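Worksheet: one structure, shown below.
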Amino acid sequence: MNIRLRGASNVTTAEGWQPVQRVRTYEQVMSQIEERILDGRLKAGDRLPSERDLALLLGVSRPSLRESLRVLEALGVVDIRRGGGVDGGAVLLSAPGPGFVNLLKLQLALGHFDSTDVLDTRVALETWSCSEAAYRSTDIDHTRLASILDDMEAPGIEAHEFNRLDTAFHVTIAESTGNTLTAHLMGSLRVAIHRQMIEAYDRLDDWRRTAVTVRQEHRGILQAITDKDAAGAARLVSEHIHDFYKIGNVGGTYPGH
């Protein structure tokens, strides 16, 4: 269908138009706060105006304002401190909250990302982490990692606990780089695919035999990190991830490891 606009020389197709979306009030409030954070007018540690004053400034009801602040609090952007006076109100957080991590974990667990994309991201993230850990990790980090591997070798350990420790090993490597964002991303990835890891082990004829190989590969990765062999650590963790992917992959579903 073609519609000729009055006073216009061109013809516009109806397909080029989109229905007007009604934006909810709390989304508009969040948008204004976000805009001020991004352009520097608001920064970590700043306190927002009181609920009454901010509602008046924005021309919205206090319930709508509270709704937007609750969403921002859940995302880990603000801390809502109860009570009046200098200690009360909404403060922009200066440290990362759990909101981003939890959101990413849920989206990964719900399958919002293609399994190949998850695999590629894990390889990129973990090879970088192991390479950086070879330079930045400390003796304390090495001791923590070795302790995790010792626990993974406990007689009679079950698959669920084995995989929990597996996750802890990889996340601890990321933490040892000193890069907080990388550690958060690693934690999200590993926790989100924990269920797939358990299912992958359940599909194996003898998961304990595979666990022996996994432990040996972990020891090799730790040794490379301890020896400050960045290239070796990155290569070993890449092989480690891909090898388990080949072993545990059933029906084209990425099992994680």
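The values are calculated or read from the model by the stated rules, or taken from the named source; none is laboratory data. Source: prediction; values computed, not measured. Every residue, glycine as well, gets a Cβ built from its backbone with ideal geometry; the counts of neighbours run over all protein chains shown.
Does Asp114 fit the bill of being of a type in the set (D, E, K, R), farther than 20 Å from Thr177 by Cβ and surrounded by fewer than 12 Cβ atoms within 10 Å (Cβ to Cβ)? Against the criterion (of a type in the set (D, E, K, R), farther than 20 Å from Thr177 by Cβ and surrounded by fewer than 12 Cβ atoms within 10 Å (Cβ to Cβ)), Asp114 qualifies. If only residues of the range 167-191 that are of a type in the set (Gly, Ala, Ser) and surrounded by fewer than 21 Cβ atoms within 10 Å (Cβ to Cβ) are counted, the one that is nearest to Leu222 (Cα to Cα) is Ala168.
Condition check for Val237 on (1) surrounded by 21 or more Cβ atoms within 10 Å (Cβ to Cβ); (2) at pLDDT below 95; (3) of a type in the set (Val, Ile, Thr); (4) out of contact with any Leu (no Cβ under 8 Å at 6 or more places or on another chain): one failure, at (2).
Just one residue in the set Val171, Val123 is assigned to a helix (DSSP H, G or I) and within 27 Å of Ser94 (Cα to Cα); that residue is Val171.
Residues in the range 69-101 that are modelled with pLDDT under 75 and not β-branched (Val, Ile, Thr): 11 in all. Would you confirm whether any residue within the range 217-234 is among the β-branched types (Val, Ile, Thr), more than 21 Å from Thr143 (Cβ to Cβ) and touching a helix residue (DSSP H, G or I) at 6+ places or on another chain (Cβ under 6 Å)? No, every residue in the range 217-234 fails to be among the β-branched types (Val, Ile, Thr), more than 21 Å from Thr143 (Cβ to Cβ) and touching a helix residue (DSSP H, G or I) at 6+ places or on another chain (Cβ under 6 Å).
Residue by residue, here is whether (1) among the polar types (S, T, N, Q); (2) at pLDDT below 95 holds:
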position: Ser129; (1), (2): yes, no
position: Ala134; (1), (2): no, no
position: Arg144; (1), (2): no, no
position: Ile148; (1), (2): no, no
position: Gly178; (1), (2): no, yes
position: His184; (1), (2): no, yes
position: Asp202; (1), (2): no, yes
position: Val212; (1), (2): no, yes
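Remark: Arg66 falls outside the filter, which requires a residue to be loosely packed, with under 13 Cβ neighbours inside 10 Å and either modelled with pLDDT of 85 or more or touching a Pro at 6+ places or on another chain (Cβ under 9 Å) (or both).
Each residue in the range 127-177 was checked for being among the small types (Gly, Ala, Ser) and free of Cβ contacts under 8 Å to residues at least 12 places away in the same chain, and 3 of them qualify.
Flag: Ser50 matches the condition of being in contact with a Gly (Cβ under 8 Å, 6 or more places away or on another chain), surrounded by 11 or more Cβ atoms within 10 Å (Cβ to Cβ) and polar (S, T, N, Q). Of note, Gly111 satisfies the criterion of being under 16 Å from the mean Cα position of the chain (by Cα) and at positive phi.
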